[in-house]
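The values are calculated or read from the model by the stated rules, or taken from the named source; none is laboratory data. Quick caveat, the model's predicted, so the values are computed rather than measured. Here the Cβ positions follow ideal geometry from the backbone for every residue, glycine too, while neighbour counts run over all protein chains shown.
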Amino acid sequence: MAMNGKTLGDEIAALITDSGAPDEMKDKIKKLWEDIGDAIVKHIEENAVVTVAAGIPVATTGSQSAQSGATTSTGTGTIA
């Protein structure tokens, strides 16, 4: 699932907004948290490094000096 700053912001705003607050205030809080959510997602996308453990199965074709290949199963990564 792709990260989405607007969705993150909307979910946070919904958690912290008083249901009895005026609509104008709710809209301001929602917009602020959408901007914060976008900034968080942008930072993660631009700075996160995903490290995948060795051992993912690979299938190759071609000669010893000119092989090409692709993974044949899913790897598990960690964000550093």
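So the values come out like this:
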item	result
Test: residue in segment 32-54 that is touching a Ser or Thr at 6+ places or on another chain (Cβ under 7 Å) and of a type in the set (D, E, K, R)	no
Enumeration of residues in segment 4-31 that are exposed (fewer than 15 other Cβ atoms within 10 Å of the Cβ), outside any helix (DSSP H, G or I) and more than 16 Å from the chain's Cα centre (by Cα)	D18, S19, G20, A21, P22
Boolean, G62 is of a type in the set (G, A, S) and in contact with a Ser or Thr (Cβ under 6 Å, 6 or more places away or on another chain)	yes
Segment 46-75, residues that are farther than 18 Å from A2 by Cβ and of a type in the set (S, T, Y)	T51, T60, T61, S63, S65, S68, T71, T72, S73
Answer from E46, E34 - the residue that is closer than 30 Å to T72 by Cα and either loosely packed, with under 11 Cβ neighbours inside 10 Å or at pLDDT 90 or above (or both)	E46
Residues (surrounded by 10 or more Cβ atoms within 10 Å (Cβ to Cβ) and among the small types (G, A, S)) located in segment 60-80	G69, G75, G77
Single condition V41 does not satisfy, out of (1) modelled with pLDDT under 90; (2) under 22 Å from A2 (Cβ atoms); (3) of a type in the set (V, I, T)	(1)
